[in-house]
Structures are given as C-alpha cells and as structure tokens.
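Visitor: Got a structure here, written out as structure tokens. Questions coming.
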Amino acid sequence: MTFSAGLPPLKLLKPSGNYLKKKATRNLTIGILSLTTFLVLLVTSIDGIPSYIDAGRYTTARGIAIGMFIVGWYYFLLQYRTYRAGIIGEQKVTRVLSAALSNEYSMFNNVKLKGAWGDIDHIVVGPTGIFVIETKNYKGKISYYGDNWEGVGRRSPSRQARINAMRIKKILASSTSLKSKSFWVQGIVVLADHRAEITERSAPEHVKVTRIDGLADYIKSEPRRIGIQEIELIGAEITNKIELQ
C-alpha cells in the first residue's frame with residue numbers, strides 16, 4: 001500500500017509524545033518495587049533460614065503485607081503491559097498511514113488537548129475529512145455490540161472515539177476562521193493486532209471500526225470535501241489547542 005505517485009508522504013504535525021511511555025515506565029517501576037518488597041518480606045518470614053526475622057505480634061501484619069505486595073506487583077505489571085501494547089499499536093498506525101497517505105494529509109499523534117482529560121491517539125486531517133482515531137492493540141477474542149466491548153480492557157473504545165471526535169468538532173466550531181464552516185469529524189476504532197479474533201454483533205453509532213489493514217483505504221475512500229486552505233486552518237486550530245507534554 002503506497003501513497004499517490006509523485007507526492008511525498010503525509011505531514012506529521014505532531015509526533016508521538018511521552019504520555020504512554022511515562023505511564024508504562026511508572027507502572028513498571030512501581031511493579032518492580034512491589035516485587036522487591038514482597039521478596040524481602042518473604043525471605044524474612046521463613047523460619048529456619050538465616051534471613052528470618054521474628055516479627056512477634058506483627059507476624060500477621062507481615063503476612064497481609066506480603067499478600068498485598070504480590071497483588072500490587074501483578075496489577076502494575078498488567079498496567080505496564082497495557083501501556084506498552086498501546087505504544088506498539090500507535091507505532092503501527094503511524095507506519096501504515098505514513099506509507100499510504102500523501103502530503104495532502106496531516107497527522108497528529110498522542111494529542112493531549114488543553115483542559116481535557118486523557119489523550120487522543122491520532123488525528124488525521126485531509127481532503128477526505130477529519131478522522132479521530134482510537135487504537136487498540138489487543139490480541140485474542142474481541143467482540144462488540146454497539147458501545148459494549150469485550151476483550152479490550154475496561155473502557156469502551158468506540159465511546160472514547162466518539163467523545164474525542166466531538167471535542168475536535170467543538171474546537172473547530174468555536175474557531176473564528178472556521179466558524180462559518182461545518183465539518184464532519186469521524187471517530188474510528190483501529191484494531192491493530194492481526195491475531196485478534198473480532199466478532200461484530202452491532203456497529204457502534206457514528207464510529208467506524210476497522211482492522212489496521214483497512215484504515216488507510218477507508219480514509220482515502222471517503223469523498224473529497226475539504227480544500228487545501230481549510231486543511232491548513234484546521235491543522236493550525238488543533239495545534240493551538242494541544243497541551244505541551
């Protein structure tokens with residue numbers, strides 16, 4: 001899959017930031033500390049070995065602490081793996097779109113909007129529209145019925161994509177240079193792991209769900225509706241609303 005002949009690849013207006021990396025590193029660090037503390041408490045609680053320490057009346061409390069730290073290690077390890085998978089998924093999307101879209105399109109990665117909670121994985125702006133992308137890099141069985149998902153964590157990715165699309169739409173609607181225009185902002189959920197077994201029971205409202213292989217084709221297949229000058233203005237408005245990380 002390659003971009004249009006004679007045209008350079010899409011413009012990357014914002015590369016991936018450190019949001020997910022910081023989250024992954026934090027959870028890995030806390031997980032390692034939890035495991036280390038667990039091991040220290042464990043080896044000091046085994047009677048008959050040189051490291052044993054008699055805790056006296058605090059023996060029960062030490063036992064509880066041992067259980068808490070091993071649970072903490074497991075929890076933070078899972079969180080680390082989740083954020084790490086997110087980083088890999090976002091890298092996959094960036095590679096695919098960079099190879100498939102021309103410089104008629106602009107792309108923002110890992111966007112944190114001013115005053116907003118959380119981040120937006122990707123925003124693509126081009127002649128065929130504005131696309132707000134939520135990336136999930138899960139393997140195994142994934143199913144969805146509207147906004148109800150199984151196999152992708154606790155939050156609904158389609159609901160998140162729709163919320164983020166509305167955020168971008170409000171930014172553009174409040175723009176002085178664009179207020180006379182009405183832009184449709186399309187939310188997309190991208191399933192980036194080829195090993196995922198996907199079952200669709202009912203499509204989410206106003207959100208496109210696609211595997212990563214179909215993402216660029218979907219974006220390019222939409223009708224051309226935005227001019228070059230408007231693309232530049234939209235890119236500038238989004239840039240002004242991005243919080244530095």
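Read the figures in this text as sums done on the coordinates, not as results from a lab. Note that this is a predicted model, so its numbers are computed, not measured. When we count neighbours, we look across all protein chains shown, and the Cβ atoms used for this are built from the backbone with ideal geometry, even at glycine.
Visitor: Taking the chain as the reference, fit the longest principal axis to its C-alpha atoms, fit the long axis of helix 157-173 to the helix C-alpha atoms, and give the angle between the two in degrees, 0 to 90, nearest 10.
Guide: Value to nearest ten degrees: 50.
Visitor: Tell me the angle of helix 228-240 to the major Cα principal axis of the chain, expressed in degrees between 0 and 90 and rounded to the nearest ten.
Guide: 30
Visitor: Something else: How high is the FRET efficiency between Ala173 and Ile53 when r is their beta carbon distance and R₀ equals 45 Å, given to the nearest 0.05?
Guide: Numbers: r = 65 Å, r/R0 = 1.44.
With a Förster radius of 45 Å, E is 0.10.
Visitor: Taking a cut-off of 16 Å between Cα atoms, list the aspartates and glutamates near Lys208, but don't count ones fewer than 8 places away on the same chain.
Guide: Filter leaves Asp121, Glu134, Asp147, Glu200, Asp217, Glu222.
Visitor: Further question on the same structure: Taking the highest mean first, how do the peptides 23-34, 47-58 order by number of other beta carbon atoms within 10 angstrom per residue? Each step should come with its number before you reach the end.
Guide: Details: 23-34: 16.7, 47-58: 9.0.
Peptide ranking by packing, descending: 23-34, 47-58.
Visitor: Report, in whole Å, the centroid distance computed from the Cα atoms of region 84-159 and region 21-51.
Guide: A separation of 35 Å, based on Cα centres.
Visitor: Students often get this wrong: which residues of region 122-163 have the backbone nitrogen under 16 Å from the point 7 angstrom along Cα-to-C-beta of Thr239?
Guide: Under cut-off, by backbone N: 123-126.
Visitor: Kindly state, to the nearest 0.05, the FRET efficiency for Arg155 paired with Asn103, given R0 = 51 Å and r defined as their beta-carbon distance.
Guide: 0.95
Visitor: I would also like to ask the following. If I compute Rg/Rh (Cα atoms, Kirkwood Rh) from the structure I just sent, which labelled value in (1) 1.00; (2) 1.13; (3) 1.04 lines up?
Guide: Of the labelled values, this structure produces (2).
Visitor: Measure off 7 Å from each Cα along the Cα-to-Cβ vector at Thr199 and Arg26, then give the distance between these two points in nanometres to one decimal.
Guide: 3.6
Visitor: If you don't mind, there's one more thing I want to ask. Suppose R0 equals 30 Å; then what is the FRET efficiency for Arg225 and Asp147 from their Cβ-Cβ distance, rounded to the nearest 0.05?
Guide: Values: r = 27 Å, r/R0 = 0.89.
Efficiency, rounded to the nearest 0.05: 0.65.
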